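Reading through the structure tokens given below for one structure.
The values are calculated or read from the model by the stated rules, or taken from the named source; none is laboratory data. If you're wondering where the values come from, they're calculated on a predicted model, not measured in any experiment. No Cβ is skipped: glycine too gets one built from the backbone with ideal geometry, and neighbour counts run over all protein chains shown. Side chains included, ligands, DNA and RNA excluded: accessible areas come from the protein's heavy atoms. Shrake-Rupley method; radii C 1.70, N 1.55, O 1.52, S 1.80 Å.
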Amino acid sequence: MVGDLIGLKLALTRNSITGSRAVWAWTGASVGVVLAAGAVVLAGWPLRPASLVPDLLAIAYLTWLIGWVVGPVMSPAPPLRPAHLAMLPIPRHRLALGLLVAGFVGLATAVTALLFTSLIVYAARLGVVPALLAVPLAALQVSLLVLVSRVAHVAFGRLARARAGAALNGIVLAVVLVLSQSGWMLLVGLLSSGVLEEGFPDGFSSALRWVPSGWALAAVEAAAAGAWATVVLVVAAMLALAAVLLVLWGTSLGEARGARAVVRGSVARATPRRAPFDRPVGAIVGKELRTWWRDPARSAALSAPLAWGVLTAVLPLTFGAVELLPWAGTLIAIMAASWLANMYSFDGTGIWLTLQTSTERVDVRARQSAYLLVYGPIALLVTIAFTAASGLGWAWPWALAAVTAAVGGGAGLVAYSSAFMPAPGPDVHERAENPAEGTEEIGSSFLVFFAALVPPLPGLGVVYLGTLRDSMALQWAGVLVGILVGALLAWGLGRLAAARLQRTAPELLLLMRSGRPASSTDTGDEELELTTWETTLMTVSWTLGILAVIPQGLLTMLFKLTGNDDVRVWFLAMYLPEPWGWLTSIGMVLLGAYLIWIASRVLKRAAARRTPQASAPERERTR
């Protein structure tokens, strides 16, 4: 049975990971191999003080453990799902063991095995006996990580059924995004603390060994010290934890897919219809606000941008920088617009209600109003609180001008992208338990994220002009410009979205039902067909373009404007004298924009190839 499961997993993986998903998978595996190989080199490097090497290895193991735990939030479900085998007459313990062995077949497990060879290399420095003990302990540690990932997948899936659990999933996803994009700030804080010269505190080192990811390392060190009672205790704890995780995972294998709870309103009384909720716009606004409160997916859409914006602004405090705190509310508004880039996908085929009542224009305005009522107060309150906490008096007009334009512009961009670039989404009762399932269509979210950076620019330009002229009146006029720009974008883009929805509402309903646009129903095309070269070019262009625009371009400009010239790390422009530093920042933004344009051109050419030719009767009618 194990051989059959391994073969089945390889076949499913080979057929499901294609195109851009294959490029991303191999890119991630390549990065993982480089990091794991670095840990192996570190294990044999004679650093001083001597305690620094095992502490850094323990940090690497903890990071890998976190990656295996949050992996279910960041990636779709594994191709070989236990739910597909739940009806087979196989005992749960046999199925669990078979799936566990099949779980070791994959890129992630291979990279993890490479990482834990560093434990063997480090143990060899301590003696022959610790090295021999490290071999089975490394294998057991890898098994623990695989089991933790399986149990975490089940746990996150069950959490996603409830509002509080979905909100927690959104926070976890936000934490992963922040660490992925701004983890270098932790490195800056680590370098500035001096621990790489003096070593980590004893309490911190001990805490790293108490975490399950550090148990194998603790056992190896105990064997080198001759504390065999500790070795036996740690190994027994690892085996007990593996057994508990296997039992927990095995109990879920025989269950059918859990029914998602449908949250309904109170049956004791009818929903009041008082002004302003007694008109069409007010009724849909009330429906949207209740949905924001009841729908677990909306809970995640609310918690993730909030956590992302706050953590992104707070992370620089690790090296004493407070200049990003006033921008926390703006960051929340930008991420909220990106997260809601396909707001109709939250409802699935529920768009048929709008289609039947011919309320397309009203629906767009009501959704915009609900968006402003949900995210507007949060972004504004966070901006006020964090600006006050930063103690930067000059930042008030900057922060307020940016957040007002970002919130208003976000309301317009959300409506526009949802109507002009819709993506299919499942109905509420058909949502997958995995939080990341069905989130492959993220192209419009990327576009909206960068587009949401534009609305604050006019107001910030006025504030900057007032700063140059030392005019407080002109600086606060920038706030009024931000409010005006936000209002105009919300009104103008909403109007375009409403007109578009009135024309294409039936096509949008078909997209939600079938998963493909109306233009492809006759040809059977469901997605763009990209060659391997096009997929690689698009992935590399998107990745390098984003890195060039944000960290190497816009972020270095922010550092220069705020006077943080001592923050260098991996920012090329911060190492160059002026005016070359500014020219490099501007060049990076232009280079990144060009790379993103190349990626969009690849998609456009693929879409042009997919466009079906007119049929013979159509050509006859056009003559």
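Structure values in brief
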quantity	calculated
Ile384, Ile90, reordered so the largest accessible area comes first (probe 1.4 Å)	Ile384, Ile90
Per-pair calculated FRET efficiency, R0 = 25 Å: Tyr594 and Leu561 via Cβ, rounded to 0.05	0.55
Pairwise label distance in nanometres, Val232 with Phe446, each label 7 Å out on the Cα-Cβ vector	5.7
Protection proxy ranking of 449-456, 323-330 - average other beta-carbon atoms within 10 Å, highest first	323-330, 449-456
Cα→Cβ-extended label distance, 7 Å offset, between Arg158 and Val105, nm	2.9
Residue-span extension gain [Glu578 to Ala499] - 0.36 nm each, minus C-alpha spacing	23.5 nm
Surface share of carbon and sulfur [accessible, 1.4 angstrom probe, percent] for segment 269-395	68
Most to least packed among 170-176, 231-237 [average Cβ atoms within 10 Å]	170-176, 231-237
Ranking by accessible area, most exposed first, for Arg469, Arg150, Arg605 with a 1.4 Å probe	Arg469, Arg605, Arg150
Computed E for Trp491/Thr531 - FRET, C-beta separation, R0 45 angstrom, nearest 0.05	0.60
At R0 = 35 Å, FRET efficiency that the Cβ-Cβ distance of Ser30 and Arg125 yields, to 0.05	0.80
Trp308, Trp597, ranked by accessible area, largest first (probe 1.4 Å)	Trp597, Trp308
